[in-house]
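Asks: The structure follows.
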Amino acid sequence: MFAKLLTALVLAVVVGAAVFSLRQQRLELMHEITGLHRQMNRDRQATWDTQVRIAERTGPRALHESLIRAGMVMEPAITGNDAGGNTGGVSGGETGGETITPFADARHE
Amino acid sequence: MHDMSDDAPLYTETNSQPLLRPGGVVTEVDRSPARVLLVGRVMIILVTVVLLALLGRVVQLQTYPEERLASKLGSQQSTQRLSGRRGTILDRNGRVLATTRIAKKLFVDPVLIVDYSSFSEKVGYGLGYDPVDIEMAMAARPKSRYIVLDRRLDDQRIELLKTLDLPGLATDPVMIRDYPQGQLAGHLIGFVGADGKGLEGLEKFYNKRIAATDGRVRYQRDARGRALWVNSRNYQKPADGENLRLSIDVVIQSIAEASLAEAIEKYHAESGQLVVMDPSTGEVLAMASYPAFDPATFNKVKPEVRRNRVVTDVFEPGSIFKPIIWASMTQLGAADPNEMIDTGTSGVHRTSKGRRLHDARPHGRITWDEVLIYSSNIGMSIVAERVGAEKLHEAMLRFGFGKPTGSGLPGEVGGVVHPLKKWTHYSVTSVPMGQEVSVTPLQMVRAFSAIANGGVLLTPTVTPVLDPGSELTLPGVRVLDQRIADYTRSVLRRQVTEGGGQKANSKLYDLFGKTGTAQLPNLKQGGYYQDQYVSSFIAGAPVDSPRLVVGCFIHRPDKSIGHYGGTVSGPAVMRVMEQSLMYLGVPTNASKDARNSLRHMAMSR
């Protein structure tokens, strides 16, 4: 009888310990997830900030000023190539053989 | 006596006999199985009761904790707002025009500060604020725990703040709307208020679409306030606003704003607008207004400066209106292109209703084409009288004047086209010269685009009409025959090479356009001011296959420096056209010539 009782008690303790351990693991995981979530939020906000800084530094005016600071003189290099394409498809830079310099004074002197 | 050396046990044990304990004390112990069982049961019941009691307490704490404990449990839970991000406004190529980010707000807690004076000096001189302002702010609310010194710390001050270690001075993250391109397209984009809602421009118009929905999270904290965990039931996800892509191109916008500002400053003008449109789609590529303002600091400028005058303000267009009426009258067959019109040798003409009209200089007998090329008021009025009021009125309405363009831009007005019954006997000769009619710059550019694209009036838009690669099917209304539109373009090309638009005659691209120098109406005394003008020039290029239409409208230039549309606005339009077309990769005349030469050489071989 005593052996049976002992067995039941031991089993109850084991099951309880297992349940407790699982609960603890769950809480630890939840804590970890919370930490990760908060980290993700911080990273997301840092990305916003970076995006703004990139936009500020790559704006047409900022690029033009950077070129001036670097002492680079940009002139339109007209070639015989037809760039073609529609308005939406052209994003600046070098297009179909014509170096695009929107802020260079393109007027004929 | 008992023999102690004997091997026999000192005491014997039987089931029923009393035990002899050392010392001779006899006790009776009941060892029956029934009793053991009874004790066991009692113990089990006791343990079970205790465990059940504990379990009940746990359940009670979890579900209905008593008030004293509930307050303690609650203090270990925090609710945090999860900010959704308002949608970003992008140009046609994905470059950021307006976006939302986290900035730092500087605040002070006066309760933690002992000496206001020395604290104010340290913060003021350390971060570049006025110490008096800081001290006054703290003195005004000494019991407050949160006095904001700067709503948006700049990078430089954030760095400086790291060197200051002052109790009572701290930062707080705050979500702000940022405009990385500064004042570029500020009138169009608009701005948001302190609560993050759009107040003007596209920020207001598309507020619903780009607004974010904040989320919420409730998490359990430990004794030190650190986040332990979040229950999924207490997590409400934030929803970011939708991004908005515009048809605006920041490079062309930048060119437009720079050229407009240059022209206005050169001629000491009061204000101006410049619009760049793709005539084949109706997409607005640039929309500039001067004076400009930075949406980030919108409250530092007067409300009238913030208005997007390209759509909210009207003006009498003057001679830039002539191509619209000229093309319409040509289509009606009121005049043959080569027909000779006698505008007189004095430069003065009296209409059939007795009105005296002037030309800037006498032209004598000129062709109908030359009437437009030389911008003859007299020639236009002679043919307009043949057409009559009804058809002129109809033509204006057909080109979309008198009602908003449908661009959807906030505050857009429709201009003024008087109903026929309000026309006087002067109206038939006034309208062809661009008088007795008021238009917005956008309406004017839209109508001119119909001439540029072969006669179809499109609805202007600031959002892209198609994604690259997809097929273009645009709703438009044909307002001119293709051949009339093409012919008008060729005549307008001559206006640039032979007429008033010569200062806009680019060597890189073949422009076609029309100048306008309209006197401003005197609204108080009637008539027109003799020294106040709207100097305009509107042009398209290249003439054989127009890619862009540019309209520049400059208000009140200094007459002593220059006031003709071709002089004031012409060069600005040419500059914008050349730089924008090069940027778009449209081959210049030189490159076309070079290519043709190569082709001829190849064929001759």
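The values are calculated or read from the model by the stated rules, or taken from the named source; none is laboratory data. Remember, predicted model here, so these are calculated numbers, not experimental data. With ideal geometry, Cβ positions are generated from the backbone for all residues, glycine too; neighbour counts draw on all protein chains shown.
Asks: Of the conditions (1) within 14 Å of chain A (Cβ to nearest Cβ); (2) of a type in the set (D, E, K, R); (3) free of Cβ contacts under 8 Å to residues at least 40 places away in the same chain, B:R575 fails just one. Which one is it?
Replies: Of the numbered conditions (1) within 14 Å of chain A (Cβ to nearest Cβ); (2) of a type in the set (D, E, K, R); (3) free of Cβ contacts under 8 Å to residues at least 40 places away in the same chain, the odd one out for B:R575 is (3).
Asks: Here's something else I'd like to know. Quickly run through region B:367-395 and pick out the residues that are farther than 20 Å from B:V417 by Cα, within 40 Å of the chain's Cα centre (by Cα) and part of a helix (DSSP H, G or I).
Replies: Once the filter is applied, which keeps residues that are farther than 20 Å from B:V417 by Cα, within 40 Å of the chain's Cα centre (by Cα) and part of a helix (DSSP H, G or I), region B:367-395 yields B:L372, B:I373.
Asks: A follow-up question, please. With within 14 Å of B:I255 (Cβ to Cβ), within 14 Å of another protein chain (Cβ to nearest Cβ) and in contact with a strand residue (DSSP E or B) (Cβ under 8 Å, 6 or more places away or on another chain) as the only criterion, which of B:S591, B:S580 stands out?
Replies: The conditions single out B:S580.
Asks: Additional query: Kindly indicate the residue of region B:321-357 that is among the aliphatic types (A, V, I, L, M) and assigned to a strand (DSSP E or B) and also farthest from B:I451 (Cα to Cα) among those meeting that condition.
Replies: B:V348
Asks: Can you tell me which condition B:R446 does not meet? The list is (1) of a type in the set (D, E, K, R); (2) touching a Pro at 6+ places or on another chain (Cβ under 8 Å); (3) not assigned by TED's automatic domain parsing to the domain that holds B:P464, and all the others hold.
Replies: So B:R446 meets the others, but not (3).
Asks: So is B:N377 under 22 Å from B:V491 (Cα atoms) and within 14 Å of chain A (Cβ to nearest Cβ) or not?
Replies: Answer is no for this residue.
Asks: Further question on the same structure: Mind checking which pairs have a first residue in region B:171-187 that is surrounded by fewer than 24 Cβ atoms within 10 Å (Cβ to Cβ) and a second that is hydrophobic (A, V, I, L, M, F, W, C) and assigned to a loop (DSSP other than H, G, I, E, B), Cβ under 9 Å, 6 or more apart or different chains?
Replies: Every condition considered, the pairs that remain are B:T171/B:L153; B:G182/B:A292; B:Q183/B:A292; B:Q183/B:F293.
Asks: Determine which member of the set B:S280, B:S289 is away from chain A (no Cβ under 12 Å) and not charged (D, E, K, R).
Replies: B:S289
Asks: Here is a follow-up. Criterion first (part of a helix (DSSP H, G or I), surrounded by 12 or more Cβ atoms within 10 Å (Cβ to Cβ) and either without any contact (Cβ under 8 Å) to a residue 40 or more places away in the chain or within 9 Å of another protein chain (Cβ to nearest Cβ) (or both)) does A:E56 satisfy it?
Replies: Yes: the conditions hold for A:E56.
Asks: Let me ask you something else. Got a sec? Which of B:R216, B:R141 is more than 28 Å from the chain's Cα centre (by Cα) and within 14 Å of another protein chain (Cβ to nearest Cβ)?
Replies: Of B:R216, B:R141, the one residue that is more than 28 Å from the chain's Cα centre (by Cα) and within 14 Å of another protein chain (Cβ to nearest Cβ) is B:R216.
Asks: Among (1) touching a Leu at 6+ places or on another chain (Cβ under 9 Å); (2) surrounded by 18 or more Cβ atoms within 10 Å (Cβ to Cβ); (3) not charged (D, E, K, R), where does B:V371 come up short?
Replies: (1)
Asks: Tell me which residues, restricted to region B:549-600, are within 29 Å of B:Y374 (Cβ to Cβ) and of a type in the set (S, T, N, Q).
Replies: B:S560, B:T567, B:S569, B:S580, B:T588, B:N589
Asks: Still on this model: Just to be sure before I move on: is B:S545 free of Cβ contacts under 8 Å to residues at least 24 places away in the same chain and more than 14 Å from chain A (Cβ to nearest Cβ) in the structure I sent?
Replies: Criteria not met by B:S545.
Asks: Mind listing just one residue for me: the one in region B:144-184 that is of a type in the set (S, T, Y) and either under 20 Å from B:S117 (Cβ atoms) or assigned to a strand (DSSP E or B) (or both) and, of those, farthest from the other protein chains (Cβ to nearest Cβ)?
Replies: B:S144
Asks: Looking only at region B:221-242, which residues are within 12 Å of chain A (Cβ to nearest Cβ), modelled with pLDDT of 80 or more and in contact with a strand residue (DSSP E or B) (Cβ under 6 Å, 6 or more places away or on another chain)?
Replies: Within region B:221-242, B:N234, B:Y235, B:K237, B:P238 qualify.
Asks: For region B:39-72, enumerate the residues that are surrounded by 13 or more Cβ atoms within 10 Å (Cβ to Cβ) and within 60 Å of the chain's Cα centre (by Cα).
Replies: Result: B:L61, B:P65.
Asks: Looking at A:Q39, A:Q51 in this structure, which one is free of Cβ contacts under 8 Å to residues at least 60 places away in the same chain and more than 9 Å from chain B (Cβ to nearest Cβ)?
Replies: So the residue among A:Q39, A:Q51 that is free of Cβ contacts under 8 Å to residues at least 60 places away in the same chain and more than 9 Å from chain B (Cβ to nearest Cβ) is A:Q39.
Asks: Only one residue in B:Q532, B:Q579, B:Q495 is of a type outside the set (V, I, T) and within 17 Å of B:E270 (Cα to Cα), so which one is that?
Replies: B:Q532
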